[in-house]
1. Collect the residues in the range 96-120 that are surrounded by fewer than 16 Cβ atoms within 10 Å (Cβ to Cβ) and more than 21 Å from residue 225 (Cβ to Cβ), keeping them in residue-number order.
2. Answer yes or no: is there a residue in the range 175-195 that is under 21 Å from residue 69 (Cβ atoms), touching a Lys or Arg at 6+ places or on another chain (Cβ under 9 Å), not aromatic (Phe, Trp, Tyr) and not in a strand (DSSP E or B).
3. Being hydrophobic (A, V, I, L, M, F, W, C) and more than 22 Å from residue 153 (Cβ to Cβ) is true for just one of 197, 222, 183. Which residue is that?
4. I'd like the residue in the range 215-225 that is hydrophobic (A, V, I, L, M, F, W, C) and at pLDDT 95 or above and, out of all such residues, is nearest to the chain's Cα centre (by Cα).
5. Look at residue 161 and say whether it is in the same structural domain as residue 70 (by TED's automatic domain parsing) and out of contact with any Leu (no Cβ under 6 Å at 6 or more places or on another chain).
6. Taking the conditions exactly as written (farther than 24 Å from residue 97 by Cβ and either surrounded by fewer than 19 Cβ atoms within 10 Å (Cβ to Cβ) or within 18 Å of the chain's Cα centre (by Cα) (or both)), does residue 178 satisfy them or not?
7. Name the one entry in 214, 185, 208, 201 that is surrounded by fewer than 19 Cβ atoms within 10 Å (Cβ to Cβ) and in contact (Cβ under 8 Å) with a residue 12 or more places away in the chain.
8. Would you mind listing the strands (runs of 3 or more DSSP E) fully within the range 43-156 where at least 1 residues are among the polar types (S, T, N, Q)?
Amino acid sequence: MTPIATTTYTLSTKGPNGVVSKEIIVTVAGTTPVTTTASAEAPIKELPRLQNGKPDFSGVYGFAGGRGGPQPILKPGAEKFKVVRGPDDTGLYADCMPPGVPQSFSAPYPFQIVQNPQVVVIFYEYPNVFRIIPADGRPHPDDPDPTWMGNSVAHWEEDALVIDSIGFNEKTEVNGYRHTEKLHVVERLRRLENGNLQYDVTVEDPNVFAAPWVMAQRTFPLRPELEKIDEFVCENNRDYRALFKK
């Protein structure tokens, strides 16, 4: 910035802990001070859209901080599904295995969406996994093989992309809880006027949760300065614990 007068700049951004503002004064000797406000949520000129008129989510998005929100209601006897970590447990993301859905959005790395009217592809930088999601309203296959990232299909509800996922294996967690192959995840994506991505998710597993678990809404910031995510290679894709032993 090269102001022609002494200027107080106020930058505001919104994250998991609310709105944070910071003022910076750039002094230009012999001038009358002025004030301007810069916002990390300044609107973009126009939402990008696909040939079919639906919003185009293509782009790279950054980490959205902690999840927070309400805890699930467990079924009687389902307490065994709560994850209890011991002192040597380095956490969900330590072994570089696929985190599953919606956990892949909770890793502190960017992700990228590539989209056309027929399909949405989500690439997660960590741990180099992806989802190819038909967006033409088709149903799930009758009996999908269980996988780490599940089987996802999508349809549009006005400008919201609704992603419905089933067919998960039992090797992942959901915000600190194990699940069964009955896991069902519904995600809603909306692109805001500033280009950021609003994300809502509801989780169901009739073997674990007594009611649908509606998680806290999150907003992933658009990273227009990034053309693509980086390569992520996990040199030890089994367990980091050996590296920390004394």
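The values are calculated or read from the model by the stated rules, or taken from the named source; none is laboratory data. Just so it is clear, the structure is predicted and the values come from calculations on it, not from any experiment. Positions of Cβ are backbone-derived with ideal geometry, glycine not excepted, and every protein chain shown enters the neighbour counts.
1. Across the range 96-120, the qualifying residues are 116, 117, 118, 119.
2. In the first step, residues of the range 175-195 are kept if they are under 21 Å from residue 69 (Cβ atoms); the result is 175-179, 183-190, 192.
When the remaining residues are screened for being touching a Lys or Arg at 6+ places or on another chain (Cβ under 9 Å), the result is 175-178.
Checking the rest, the ones that are also not aromatic (Phe, Trp, Tyr) come to 175-176, 178.
Checking which are not in a strand (DSSP E or B) leaves us with 175-176.
Yes: the range 175-195 contains one or more residues that are under 21 Å from residue 69 (Cβ atoms), touching a Lys or Arg at 6+ places or on another chain (Cβ under 9 Å), not aromatic (Phe, Trp, Tyr) and not in a strand (DSSP E or B).
3. 222
4. Taking the range 215-225 first, the residues hydrophobic (A, V, I, L, M, F, W, C) are 215-216, 220, 222.
Cutting the leftovers down to at pLDDT 95 or above gives us 220, 222.
On the way: 220: 6, 222: 11 Å.
Out of the qualifying residues, it is 220.
5. Criteria not met by residue 161.
6. It is false that residue 178 is farther than 24 Å from residue 97 by Cβ and either surrounded by fewer than 19 Cβ atoms within 10 Å (Cβ to Cβ) or within 18 Å of the chain's Cα centre (by Cα) (or both).
7. Just a single option satisfies the conditions, and that option is 214.
8. Details: elements: 59-61, 111-115, 119-124, 129-134.
Ranges flagged: 111-115.
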